[in-house]
Structure formats: C-alpha cells, structure tokens
Amino acid sequence: DVPAIVSGFGNVAYTTTAGLYRDAYVFAASTDTLLVVYENTVQGSVRCSYRTDTASTWTDVQVFSHFGVTGSVYTTGARACGLELPSGRLLVFYAIEDASASTVNVGMSYSDTDGATWTRGQTGCLEAAISTTSQSIRRMRAAYLAGQIVLMVDVVDTSTAYSQRMAQYASADL
C-alpha cells in the first residue's frame, strides 16, 4: 500500500555546524531496525544512528574512525552505504583515501548486534585502489545477490576531459 499522507519528522542527528553530517544512507534490517549511516566530518568518522520500530529515539554509535589509521585520511568523503546479509550480519562500506599515495580504497565494518556495535572487517576491499590523481568517488551503493556482494562505485574524472563511469565490484569470497 502507498501512504496517502506522510507527516511529522524527527531528527536523527542535529547540529548548527554547517557540513558536519554528510552523505546519509538509510537501510532496514530484517529485525525491524532502521539504520542511517553517515559521515561526521569534524570527528573524521562514519557513524550509525539506529532505532527499532518500537523505539522513540535514535541511538548513535561510531562505525569507523579515520583518525589513527595509518595513511587513511579521506578528503573527498566517506560515501558510506550499508546492507544486510541473509545471516543478519550488517555491513557498512566507506571510502578510505590515502592522500600521500593519491589513492582511495573501500573499507568495511560489520555488526552482529543490529547496529549497536561495529567491528572493522576490512580496510582494503578492492583488489586495486582507485587513483585519485584525476578521479574522485561521488557515491557508493552495495547489494547482496546470489551469494555475492555487489558494490557500485560512481567514479568521476576530475581532469579537464570530464567523464563519469559506474564501476562494479563483486565479492568472490563470501
């Protein structure tokens, strides 16, 4: 059924600092938990706010912090996205940029607690990092299908000859 009226709203996170929260991505878990993953630019972290269908407030936790990770300072944005595996495990993917090497790779954290706690699963999901010399990542999306995770990355050529490509990556080790 399609709702006739969508009314009311509640803040998932609120600030008066411009640009603090960036690139929100929402997804639902099979346990009736709603999750919003986003970047906190001041903390240098990927965050997750979650709530169950019966909760009246959001709970906010850290998924991944870019501080303290050698060579992993991002400047163009984490571009976080998430999904749920059939086992119920939640995965969040995010861009990790190595400015000194002019590359970006994809990190992944997982939760087996409906988003309450997160563990870093991988800091380099791609076989080869993407060069940021003349490219940047604008968006990432992930989905699970037939035993594989498919990751789509929107890559933009930032040189004078502007072009854009959708790069598809698929897991081979699930």
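What is the one condition in (1) closer than 19 Å to Thr158 by Cα; (2) under 14 Å from the mean Cα position of the chain (by Cα) that Arg141 does not satisfy? Failed condition: (1).
Results for (1) farther than 17 Å from Ser65 by Cα; (2) among the basic types (Lys, Arg); (3) at pLDDT below 90; (4) not in a strand (DSSP E or B), shown as yes or no for each residue.
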| position | (1), (2), (3), (4) |
| --- | --- |
| Asn105 | no, no, yes, no |
| Thr113 | yes, no, no, yes |
| Arg120 | no, yes, no, no |
| Leu126 | yes, no, yes, yes |
| Thr133 | yes, no, yes, yes |
| Ile137 | yes, no, yes, no |
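Counting only residues that are assigned to a strand (DSSP E or B) and either polar (S, T, N, Q) or free of Cβ contacts under 8 Å to residues at least 24 places away in the same chain (or both), region 34-68 holds 9 of them. Taken together, the residues in region 8-31 that are among the small types (Gly, Ala, Ser) and under 20 Å from the mean Cα position of the chain (by Cα) amount to 6.
Scanning region 146-164 for residues that are touching a strand residue (DSSP E or B) at 6+ places or on another chain (Cβ under 7 Å) and either modelled with pLDDT under 85 or hydrophobic (A, V, I, L, M, F, W, C) (or both) gives Ile149, Val150, Leu151, Met152, Val153, Val155, Val156, Asp157, Thr158, Ser163, Gln164.
The values are calculated or read from the model by the stated rules, or taken from the named source; none is laboratory data. Predicted model only: the values in this text are computed from it and were never measured. All Cβ positions, even for glycine, are placed from backbone atoms using ideal geometry, and neighbour counts span all protein chains on display.
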